1. Any chance you could run the full-extension gain for residue A:142 through residue A:197? It's 0.36 nm times the residue separation minus the Cα-Cα distance, nm to one decimal.
2. Assuming a ≥ b ≥ c are the square roots of the Cα gyration tensor eigenvalues, decide whether the stretch B:21-81 counts as rounded (a/c under 1.5), prolate (otherwise, with a/b larger than b/c) or oblate.
3. Taking each residue of A:241-251 in turn, how many C-beta atoms of other protein chains fall within 10 Å of its C-beta, and what is the average?
4. Once each part is reduced to its C-alpha centroid, what is the distance from the stretch B:45-79 to the stretch A:298-359 in angstrom?
5. Give the calculated FRET efficiency between residue A:297 and residue A:49 to the nearest 0.05, with a Förster radius of 45 Å applied to their Cβ-Cβ distance.
6. How much of the DSSP bridge set in the stretch A:96-218 is antiparallel, in percent, rounded to the nearest 5?
7. What average number of partner chain Cβ atoms lie no more than 10 Å from the Cβ of the residues making up B:11-20?
8. Relative contact order of chain A: what whole-number percent is it, with Cα pairs under 8 angstrom and at least 6 residues apart?
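Where a number appears in this text, it was derived from the coordinates with a stated rule and is not lab data. Keep in mind that this is a model prediction, so the values were computed, not measured. Heads up, the Cβs are rebuilt from the backbone with ideal geometry, glycines too, and the neighbour counts pull from every protein chain shown.
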């Protein structure tokens with residue numbers, strides 16, 4: 001219902017892995033309400049509007065903690081996106097003496113900060129993945145060195161849709177006394193995450209994908225095993241707390257939240273998380289995987305189409321990457337948009353190494369990522385469109 | 001507002017926190033525990049900081065302290081206003 005009101009024309013939007021659309025009506029309303037009624041500076045004054053803005057921040061931390069099973073809401077630190085959260089964790093923790101293990105599936109939001117740290121002396125090892133894009137957890141132990149500090153993994157690949165074996169990696173990492181940083185950009189809101197059970201120490205999330213909020217807001221969950229004295233902030237400045245001191249506060253979340261926050265964005269995430277919780281992550285996953293199953297089955301029956309990623313739906317999130325023989329992904333994506341109104345993403349999806357792993361470098365793939373508001377009927381239309389394009393190719 | 005206690009004739013206590021974020025968590029857990037608390041600006045004669053604090057009647061002091069400790073919320077002072 002919400003979707004029909006928002007869709008204009010006959011677009012089929014299947015680029016939810018880049019940014020989800022449409023947004024629930026409640027998200028748009030919450031953001032408008034904040035702008036109209038409570039748009040004061042949180043934590044900077046004691047009047048009712050400022051307190052209301054502060055409450056929105058706290059309530060959102062609280063809802064996110066509940067969704068991800070984090071014990072203390074004040075351990076949820078807001079950032080401008082998952083990239084900033086990952087930069088905070090990596091640059092804040094890793095020194096030139098440290099060794100970090102990551103996987104061959106990482107997005108550039110992890111690879112680029114790591115390569116930058118490598119230039120300053122840090123050592124990086126890359127855990128190999130199977131060709132369908134699953135990190136081989138059994139090889140992790142062999143990569144651990146005396147100076148290994150952190151393991152960083154992409155929970156759900158934005159290229160193949162493959163899910164990393166989180167609890168297995170979490171156990172090995174915890175047993176070795178290391179910290180585990182999880183990039184949950186593609187999974188928070190559409191795949192069950194349990195911060196405690198999966199033995200996660202740091203988790204980066206974004207608001208604008210499966211949490212169904214706006215762009216420009218995300219965050220980092222900082223677990224109890226992380227020594228915040230040793231986690232440097234990316235920026236310092238005004239926090240509204242301890243204003244009489246010229247030094248940065250040393251407590252959570254203020255240490256990492258300098259400057260006026262994106263409160264309207266947080267208000268959007270709050271409504272998004274509430275929408276997700278009402279529907280339940282499990283039922284959203286069930287819906288998205290049903291659509292993903294239809295797509296994969298349809299594509300596999302289509303001559304000249306190659307489907308990447310794990311065969312089993314249980315090992316995937318709602319992302320399907322394909323290539324049509326003899327056609328560049330950008331051309332396929334352009335045809336889908338121009339002729340059929342089907343909106344996808346072509347190319348490398350900011351993850352060159354992941355494409356090398358699956359054998360789709362440098363051309364990339366065409367990526368379909370259905371979301372909570374897509375329908376089975378739309379998937380059938382997509383398969384027919386891809387069939388038509390493949391026949392021409 | 002130093003005159004508030006005199007005006008109402010009833011003494012009130014306030015708990016002070018390091019940040020508004022911690023005061024928000026305090027408000028949330030104390031309300032969940034059904035304690036009669038109110039969030040208010042920190043009186044200027046107590047601190048020059050721009051934050052908020054939690055106000056409550058003296059007879060619930062012990063319960064307030066207990067709930068804050070249970071939830072590991074640091075407060076650095078409980079004082080009358």
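1. 17.4 nm
2. It is prolate, given that a/c is not under 1.5 and a/b is the larger ratio.
3. Counting Cβ atoms of other protein chains within 10 Å of each residue's Cβ and averaging gives 3.
4. 56
5. My answer for the efficiency is 0.25.
6. 15
7. If you average over the peptide's residues, the count of other-chain Cβ atoms is 4.
8. 23
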